[in-house]
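Note sheet for the following structure.
Nothing in this text is a laboratory measurement; each read-out follows from the coordinates by a stated rule. Since this is a predicted model, take the numbers as computed values, not measurements. Reconstructed Cβ throughout: ideal geometry from the backbone, glycine too, with neighbour counts over all protein chains shown.
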Amino acid sequence: MGKFHTPLGKLTFITEETTNTSFLQGIFNEMSFSIQVSQPFDLEEIDFNFIQSKMNNFPQIKAKTELFLRNILYTQPKQLGFNHYKDKLDETKELISFPEFMFHEKTKDWDIVFRESQLPIAEPYGILINYHDDDVVGFEDLSDSEEL
């Protein structure tokens with residue numbers, strides 16, 4: 001495990017034992033993030049400006065993501081674990097919260113795992129939202145995952 005100084009602060013290098021996948025992990029603007037990297041990796045090839053812009057724009061990204069999820073909730077509620085769009089959401093609580101960003105070394109595809117959500121499919125690990133550049137492109141149901 002190594003430490004690297006980057007434009008986003010100090011990042012820790014880890015390799016997941018079960019998958020042999022490597023990541024740089026850190027915290028920026030009080031939010032966790034990781035960058036999946038190949039071996040060997042070159043810090044010069046990581047687009048830190050792209051990553052920083054996404055994390056700096058989190059309020060707008062979250063609003064766009066909530067709109068995306070609410071559209072699915074009203075058109076295809078079963079995909080999110082509800083029987084009907086009239087199933088209750090607590091409007092006093094956030095629809096999605098506790099983000100963890102995941103970026104990839106050489107692509108504009110990235111993800112956020114929202115660790116907490118009112119959506120039934122978010123239990124117990126959260127909901128994974130997929131992005132390409134500035135667009136929300138999909139989501140993944142993590143409820144059947146063994147571990148995340």
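Worth a mention:
- Mean separation of Cα pairs under 8 Å and 6 or more residues apart, divided by the residue count, gives the chain a relative contact order of 15 percent.
- Helical mean residue ellipticity (222 nm; -39500 (n - 2.57) per DSSP H run of 4+; nearest 500) of the chain: -6000 deg cm²/dmol
- Dipole magnitude for the chain: about 460 debye, using +1 per Lys or Arg Cβ and -1 per Asp or Glu Cβ, origin at the Cα centre.
- Remark: region 1-80 carries a charge dipole of roughly 480 debye about the Cα centre, counting +1 on each Lys and Arg Cβ and -1 on each Asp and Glu Cβ.
- Most fluctuating residue given options 55, 102, 31, as computed from a GNM of the chain linking Cα atoms under 10 Å: 31
- Percent antiparallel among DSSP beta bridges (both partners in the chain, rounded to 5): 90 percent
- Ordering of 6-15, 122-131 by packing [mean C-beta count within 10 Å, highest first]: 122-131, 6-15
- Extension gain for residue 56 to residue 20 (0.36 nm times residue separation, less C-alpha to C-alpha distance): 9.9 nm.
- Under 5 Å from the amide H of residue 89 lies no amide H of any residue 5 or more positions distant or on a separate chain, with H modelled from the backbone and absent for Pro and chain starts.
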